[in-house]
1. How many residues does segment 110-139 contain that are open to solvent by less than 50 Å² (accessible area, probe 1.4 Å) and within 19 Å of LEU77 (Cβ to Cβ)?
2. Looking for whichever is over 24 Å from ASP126 (Cβ atoms), in contact with an Asp or Glu (Cβ under 8 Å, 6 or more places away or on another chain) and open to solvent by 20 Å² or more (accessible area, probe 1.4 Å) here; the options are GLN78, GLN7, GLN49. Which one fits?
3. So which residues in segment 60-75 are open to solvent by 10 Å² or more (accessible area, probe 1.4 Å) and at negative phi, if there are any at all?
4. Show the residue pairs meeting these rules: Cβ distance below 7 Å; 6+ apart or different chains; first residue within segment 90-105 and in a helix (DSSP H, G or I); second residue β-branched (Val, Ile, Thr) and open to solvent by less than 60 Å² (accessible area, probe 1.4 Å).
5. I need a count of the residues in segment 140-166 that are of a type in the set (A, V, I, L, M) and in contact (Cβ under 8 Å) with a residue 40 or more places away in the chain.
Amino acid sequence: MRDVTFQMLDGSQALECLDELRELYLDVYADPPYEWGAEHANLFVERFQGQAKADGFALVEARHGTELVGIAFGVTLQPSTPWWQNLLEPLPVAVTTERPGRTFAVVELLVRTAWHRQHIAQAMHDLLLRNRTEERATLTVFPAAIPAQQAYAKWGWHRVAQKRNPLPGSPVFDVMVKDLGAVAS
């Protein structure tokens, strides 16, 4: 991992790095299959400002010296969460009903292209989920993001549904779930 260090940040610490996080987001999502630009990065910043203050927020950063090479972060879903809305096919209520402390949502897992294939994503994934008290975790992933799909499958995630976010022109995403009892401490 070429001298990469990992650190857990709380919400206030993460907000101090918001400009760096936006730049990382722009860099990672500039290439196919995403090709997202400044509009998406601005939405990321807007959402992140609320997420960083949410219950259960956690962020792992990966740095090479002072360079931010990756992040993984998430929040604990609340009973009122819209997470399970906009599914293309309904799921059983037993899957979609949230109660306090049931589900941790991995919101982003980003690694700069130059740092791919060095197990940085897996290290951040494992650090983020280690010692979580929730029963399970969930995330969404673009179906065309084949390397991410393969990594998540290897790490024990399974697809339970697909959803389309309620933004104009939003693509379909796979919704994945992982039992947190399987994460090694």
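1. 8
2. Working: GLN7 fails: over 24 Å from ASP126 (Cβ atoms); GLN49 fails: in contact with an Asp or Glu (Cβ under 8 Å, 6 or more places away or on another chain).
None of the other options fit; the residue is GLN78.
3. Kept after step one, since they are open to solvent by 10 Å² or more (accessible area, probe 1.4 Å), are these residues of segment 60-75: 61, 63-67, 75.
Passing the criteria: GLU61, ARG63, HIS64, THR66, GLU67, VAL75.
4. As it stands, the answer is VAL95/VAL160, since those pairs meet every condition given.
5. First pass over segment 140-166, keeping only residues of a type in the set (A, V, I, L, M): 141, 144-146, 148, 151, 153, 160-161.
Cutting the leftovers down to in contact (Cβ under 8 Å) with a residue 40 or more places away in the chain gives us 144-145, 160-161.
The number of residues fulfilling the criteria is 4.
The values are calculated or read from the model by the stated rules, or taken from the named source; none is laboratory data. For clarity, every value in this text was computed on a predicted model and none was experimentally measured. Note: ideal-geometry Cβ built from the backbone for every residue, glycine included; neighbour counts use all protein chains shown. When the accessible area is computed, the model is the full protein with side chains, heavy atoms only, and any ligands, DNA or RNA have been set aside. Shrake-Rupley method; radii C 1.70, N 1.55, O 1.52, S 1.80 Å.
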